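Okay, so here's the structure we're looking at.
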Amino acid sequence: MTESIIDAPGATAPSEVANLPRRQILAGAALLAAAGAAFALKPRTVLRTLGTAKLDKLVPHDFDGWHFEASSGLVLPPADQLRDKLYSELVTRVYKRADGSTMMMLIAYAGSQDGTIQVHRPEVCYPASGFHLTDIEDRDVTLAPGVDIPTRFIVAETELRTEQMIYWTRLGHLFPRKWSEQKLAVVEENLRGIIPDGVLVRISTIGEGNARTSLDQFAASLYRAVGPRMKSVLVGPA
């Protein structure tokens, strides 16, 4: 004969449940609710705008009068294990134009983002390379009609060199300008059920004077020159 559930060893009879303290019942219900919420909020969508493509293949060597000159000469942190672990793709380019203008570009892509893309933030790597940051300004840059990106304009100086730059970081669908905003962006995307990818784009030029317009124009030219996949890497999925 089958043993009833109530009589099964270790089972709790209805009468015993009824006699449980109200505090224990509420605590148990809260734990169940928390477990259900944690399961519901667990990130399930992995965002990988780059896919299996390679940045070096997606970024053109020549566009809008700019021609690839070299891959060296940019400010970088040491090529240690931390940097290699953080970024699945890193492209550095120096472009020149017929009039002698020079632009330097860095694109660092992280396929699995945990909020540590700050390694290449100019506020970190330029002072580490001996530069003094003399100007930092938050500003939006228009890459195309309806595509406005939150960026930072920075002037970094040494006794031998003045470098002006704009840069932006994208984490999933968000564009944090600061390290504190960056950590919150990761949390926000996780709460939306997304494990975000990340990219840092830095464009810079050497010389005195105001280079804001030239930097903005180069960024817009680059955006026009790349295909749909690279556009998604730069500014996120539509």
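The values are calculated or read from the model by the stated rules, or taken from the named source; none is laboratory data. Values in this document were obtained by computation on a predicted structure and should not be read as measured data. As a convention, Cβ positions derive from the backbone with ideal geometry for all residues, glycine included, and neighbour counts pool all protein chains shown.
Would you point out which residue out of Glu188, Glu137 is in contact with a helix residue (DSSP H, G or I) (Cβ under 9 Å, 6 or more places away or on another chain) and acidic (Asp, Glu)? Sole residue among the options that is in contact with a helix residue (DSSP H, G or I) (Cβ under 9 Å, 6 or more places away or on another chain) and acidic (Asp, Glu): Glu137.
Among the listed residues Val124, Val155, Val186, identify the single one that is in a helix (DSSP H, G or I), more than 23 Å from Ala53 (Cβ to Cβ), β-branched (Val, Ile, Thr) and in contact with a strand residue (DSSP E or B) (Cβ under 7 Å, 6 or more places away or on another chain).
Just a single option satisfies the conditions, and that option is Val186.
Scanning region 204-212 finds one or more residues that are polar (S, T, N, Q), touching a strand residue (DSSP E or B) at 6+ places or on another chain (Cβ under 7 Å), modelled with pLDDT of 95 or more and buried (at least 17 other Cβ atoms within 10 Å of the Cβ). Among the conditions (1) buried (at least 20 other Cβ atoms within 10 Å of the Cβ); (2) outside any helix (DSSP H, G or I), Leu160 misses just one, which is (1).
Can you find a residue that is within 12 Å of the chain's Cα centre (by Cα) and either under 23 Å from Asp56 (Cβ atoms) or touching a residue at least 12 places away in the same chain (Cβ under 8 Å) (or both) anywhere in region 211-234? Checked against the condition, which is being within 12 Å of the chain's Cα centre (by Cα) and either under 23 Å from Asp56 (Cβ atoms) or touching a residue at least 12 places away in the same chain (Cβ under 8 Å) (or both), region 211-234 yields at least one hit.
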